[in-house]
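Each remark here refers to the structure printed beneath this line.
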Amino acid sequence: SKLSKSSIIIHTKEAHSISDYCVDDYRAAIHFYFKEFLTFLNSRHNSSELIVHYRQGSGGFAIHPGQKIPRQMSIESVINVIENISSESMARIVSIRLFTDSPRETFRYIPIQSQLHLWKDMPGFDGKTVVNESSGVEKHLFPIAERKNLLFAVDREIDAFQMITAMARAEILIISRSSLSYVGGLFNSSGTVFYPNGFWHTKLKRWRVYD
């Protein structure tokens, strides 16, 4: 407060309203709560990874209730980003790492009777069964890594905090329409971050937009 010359902590139930309002000062705004984590990140150099976060949801470019566009981006758009990264930037990359919720194979899940109402109006739910489609994203990215002589890794079950830490330290980060990789991008202070066009959260000025 400029009047009382004292610090004021504002608590909010809608965290995104804060991050979207002061997106360029996000690290400073949350320093009070994540001091040790930010100190850790600042003490480490960026890793030599190109990280792709591919958020799919139920698949099929489904649009969830309350949203106007799907979270899922086309695999072609991600490939186009990678193929157009300068050779100078790629020279610092040792591996491509994929974080995704897309299953290896399409699977079907039958909720118990008492929980059917929870799935109402959700994409992939036909009233009895939930279908989660596989995009096969790793099958598209592995040949690129192989051609560029890079290591390739897929993580589906990694801890969310470990994932954010890895994204925050990535030399190159391709985020999806997801709060998870968005936060990872906000924490990434020196890497190159690619931001999906149409995402509903505010982008940093230095981020590059992809379609």
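The values are calculated or read from the model by the stated rules, or taken from the named source; none is laboratory data. Remember, it's a predicted structure, so these values are computed and weren't measured experimentally. Quick reminder, even Gly has a Cβ in these numbers, built from the backbone with ideal geometry, and neighbours come from all protein chains shown. Accessible surface is based on the protein model in full, side chains and every heavy atom, while ligands, DNA and RNA are left aside. Shrake-Rupley method; radii C 1.70, N 1.55, O 1.52, S 1.80 Å.
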Within the range 64-104, the residues that are of a type in the set (A, V, I, L, M) and outside any strand (DSSP E or B) are I69, M73, I75, V78, I79, V81, I82, I85, M90, A91, I93, V94
query: Quick check, is D126 on the phi > 0 side of the Ramachandran plot and open to solvent by 80 Å² or more (accessible area, probe 1.4 Å)?
result: no
Pairs returned, first residue in the range 88-110 that is over 30 Å from S58 (Cβ atoms) and of a type in the set (K, R), second residue that is open to solvent by 30 Å² or more (accessible area, probe 1.4 Å) and not in a strand (DSSP E or B), beta-carbon separation under 8 angstrom, 6 or more apart or interchain, are R92/S48; R92/E171
A careful count of residues in the range 135-187 that are without any contact (Cβ under 8 Å) to a residue 60 or more places away in the chain, open to solvent by less than 10 Å² (accessible area, probe 1.4 Å) and closer than 16 Å to N42 by Cα gives 1
**Report entry** Any hit, the range 41-61, residues being open to solvent by 20 Å² or more (accessible area, probe 1.4 Å), in a helix (DSSP H, G or I), at pLDDT below 90 and not small (G, A, S)
**Finding:** yes
Within the range 105-128, residues closer than 21 Å to I158 by Cα and not in a strand (DSSP E or B) come out as E105, T106
Could you go through the range 95-108 and let me know if any residue there is aromatic (F, W, Y) and either under 18 Å from D211 (Cβ atoms) or open to solvent by less than 70 Å² (accessible area, probe 1.4 Å) (or both).
yes
